[in-house]
């Protein structure tokens, strides 16, 4: 059977629910986000997972743990550079690697501000460009191109080798780091990616066969 890559954007966060730009601010899930993560996990339960990756942010961690709550393996978060952190080899352990390369896009001066208020201040079109365009960054922040420049090299170097070995991989991350990965997997242009929206708490599944990616659901 071909190995699978499972991508999931974190469930709704407390600031998602309040329509606030979050970026790198480390905000947890709200009640709806918890439910989204649990429901997303139910859709994955017939898929064995060999290794997991996530960002350094708590909303992605919460989503990963909740989504895998009823799986046979227990997620074990690895902390590089700490002598006590390692894969102990127990069959019930699922190694979880954390990486800033998978963090959400940095929204700079917009972080902590209400999106509707920013639309009133800067205009609907400008805010849409900041949120969805490929190479236009918000003030003091990252564009999607900047996010892809850190996310994709990490994805290719650290994550793809697991799939090449036949392992199933689960990534719990964010709207824009996952947009960068999906853009690469689907071969989207920078014009096409403007319309790409990654829903919260919904698993996106690809099969990997001989270097080719196929979206299965």
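Would you mind checking the tilt of helix 58-67 against the longest principal axis of the Cα atoms of the chain, expressed as 0 to 90 degrees and rounded to 10? Helix 58-67 and the main axis of the chain meet at about 40 degrees. Tell me the angle of helix 144-154 to the major Cα principal axis of the chain, expressed in degrees between 0 and 90 and rounded to the nearest ten. Orientation of helix 144-154: about 10 degrees from the principal axis. The mean of 1/r over all pairs of different alpha-carbon atoms in the chain, once inverted, gives a Kirkwood hydrodynamic radius of 17.7 Å. Working ranking of peptides 96-106, 38-48 by packing, defined as the average number of other Cβ atoms within 10 Å per residue, highest first, is 96-106, 38-48.
Relative to the dominant Cα principal axis of the chain, helix 175-186 is inclined by about 70°.
Estimated purely from DSSP H runs of n ≥ 4, each contributing -39500 (n - 2.57), the mean residue ellipticity at 222 nm for the chain is -9000 deg cm²/dmol once divided by its residues.
All Cα-Cα distances of region 78-198, cut into 10 Å bins from zero to the largest, leave 11, 37, 28, 16, 7, 1 percent in each bin in turn.
Taken over the Cα atoms of region 129-189, the convex hull encloses 83 Å³ per residue.
Assuming 1.567 mPa s and 4 °C, estimate D for region 1-111 with Stokes-Einstein, Rh taken as the Kirkwood radius over Cα pairs, in µm²/s.
On the way: Rh = 15.0 Å.
Reported coefficient: 86 µm²/s.
As a rough guide to protection, the peptides 56-63, 8-15 ranked by mean Cβ packing within 10 Å, highest first, stand as 8-15, 56-63.
Laboratory data are not the source of any read-out in this text; all were calculated from the coordinates shown. Since this is a predicted model, take the numbers as computed values, not measurements. No Cβ is skipped: glycine too gets one built from the backbone with ideal geometry, and neighbour counts run over all protein chains shown.
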